[in-house]
Amino acid sequence: MNSQPRLHSRCLIAAMVLVALPSLIAFGQTDVTSNTAPVQRFLDSDTAVVAWADLSQIDLDDLAKFMTTTGPSFNDIEQAKAAQQGLTKLGVTRVYWISDLAELSRGPRAAVVPVPQENADAVLLILNAIAESTGGTTIADGQHVLIGDPEEISRLQGEHSGEPDAEFLATVNNIKHPHAVALRTPAEAILPLASLLPEVFGADSRRATTAAELLWKLKSVTLSGTLPPSNMRLQVNTNSKESAAGVAKLLNDWTTSEIKDKADVLQTRAVGSSVALESKSEGDTSAIIDSLKVLASPARRRAQRMTTMNSLKQIGLAMHNFYDTYGTFPPQALANKDGKRLLSWRVLILPYLDEYPLYKEFRLDEPWDSPHNIKLAKRMPFTYRGSQTNQADIEAGKTRMVAPLIKVELPGGKKAIYSVFARPEGGTRFQDINDGTSNTLLVVEAGDDQTVLWTKPEDVELVENDPVSPLLDKAAKGFHACMCDGAARFFSATIAPKTIRALLTIDGGEIIEQDEL
């Protein structure tokens, strides 16, 4: 990551749920007869994630020390401890994250807090303060307080579809640790993962094929333990003993081939129809995390490339759907009658990215930084994340998905801007692109130092004699782009400046040979 996310100590719920659980540091025993009973009314047939942290079972001082050696720092711990003490004295123990598959990729956006009825008002006061510091909201709902994103809270309070999966509930209720994440893996969750396997396993097509066969035999994945993680268990549940043995062998062979001397701590074992990886000390857990970081680096880069390509394809499709509606590609910026630039093209295509509710919240007659619109910047659609790994930038709503613009000097000293978005009289039409839509750049993912607020009418301006550098990360071998025909492509860092300039013109008449790309 480019920078570690900062944890606001006033946000105890955010610290416990938004960080501890999904970042896999939620690793003790406690007498719990049913993990799902306190939140049963929020569970249905679509439930894919049930996660919780027990506030009464967390040593924040020791957790902070552990996190400084393995991941993001834990700031302002004294305020976090005060919030923890206040909530637990009022009888609050667990904080839950419940999600369906549609929301899973967006991470925890709201928490469900079971509260004692007699202390509900006092608990609400503390959670209100936490919500204010995170830009969220709180809603009292019977014996629960929901805290976080208003849209996600509405989903949790809405109509529920059918009974939750009984086998998944049994798995969740079999967990004995005070903190846990349980993920159900139905077919609709497996399908997108299957497409990533060639990227994860690289050139090893045999292993990727085996993984694809085993993937469909998974039932759920759980991670549970203590905080700090002196005791941790990662468990993959399958449909049979044979499947579990196959998964264990695949994982063990893969980790050994990838990281060799660091693979010992990652060796799994099959137990019945499950596969388990355990640690019995903080030292073991630290070693596991270190090995996972080494293992994940190349696979993560490959997966990020595929995610970026998919995002660019979605943007390309949204651009074409916008075109079908309005007869042109969107302008670079929505402007008012006085010519003042208000909002980016990224806002204009929201309805075609399945983000119409968010689009409707924008005041299109106000600029991106108006008191109303600026609040929406933090709700950046997942499609605009691309290869972003800087959590602070993601939370701020910064994107690298930009329109490429290049100023060139023409004979006679005049200057022009080459780009699909450069037409001052309005959006570009297909008939304007005489160079061919497959030979014209539409959107690129710029380098990590070129981030812009996604709602702001700002993009990347390339330099004529070195147009490639702003599009590259420090160690990048190239950059990703979407062409005007909607196709996503990867271009090598060695591409010639004149070729980039040719790809940016819409009617320059340049002839681009395939070996130049």
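Taken together, the values in this text are just the output of simple stated rules run on the coordinates, not laboratory data. Everything numeric here is computed off the predicted structure, so don't read it as measured data. Here the Cβ positions follow ideal geometry from the backbone for every residue, glycine too, while neighbour counts run over all protein chains shown.
Mind putting a number on the dipole of segment 185-326 about its Cα centre? Charges go on the C-beta only, +1 for Lys and Arg and -1 for Asp and Glu, and I need it in Debye to the nearest 20.
100 debye
For Ala335, enumerate residues with amide H under 5 Å from its amide H, sequence gap 5+ or separate chain, H modeled in the peptide plane.
Here the answer is Leu342, since their amide H atoms fall under 5 Å of that of Ala335.
What are the ³J(HN,Hα) couplings of segment 207-219, residue after residue, when phi is run through the Karplus curve with 6.51, -1.76, 1.60 and θ = phi - 60°? Round to Hz, x for glycine and proline.
Values, residue by residue: 5, 5, 5, 4, 4, 5, 5, 6, 4, 6, 9, 6, 10 Hz.
Once amide H atoms are built 1.01 Å from N in the peptide plane, which residues 5 or more positions from Leu472, or in another chain, come under 5 Å H to H?
Residues meeting the criterion, in which the H sits 1.01 Å from N, are Gly447.
Glu361 label point, 7 Å along Cα→Cβ, cut-off 16 Å on backbone N: hits in segment 134-176?
Correct set: 134-139, 147-157.
Reachable lysines from Lys260, Cα under 30 Å, same-chain residues fewer than 8 places away excluded?
Here the lysines satisfying the reach criterion relative to Lys260 are Lys65, Lys217, Lys219, Lys241, Lys249, Lys280, Lys293, Lys474, Lys477.
Give me the net charge for the shell around Arg400: Cβ to Cβ below 11 angstrom, other residues only, Lys and Arg +1, Asp and Glu -1.
-4
Tell me, what ³J(HN,Hα) does each residue in segment 354-362 have, in order and in whole Hz, if you take phi through Karplus 6.51 cos²θ - 1.76 cosθ + 1.60 with θ = phi - 60° and put x for Gly and Pro?
Karplus values, whole Hz, x for Gly and Pro: 6, 10, 4, x, 5, 4, 5, 7, 6.
Is the shape of segment 171-263 rounded, prolate or oblate, going by the alpha carbon gyration tensor and its root eigenvalues a ≥ b ≥ c, with a/c under 1.5 for rounded and a/b larger than b/c for prolate?
Oblate.
Please give the FRET efficiency for Lys498 paired with Asp324, using the beta carbon to beta carbon distance and R0 = 35 Å, rounded to the nearest 0.05.
About 0.55, to the nearest 0.05.
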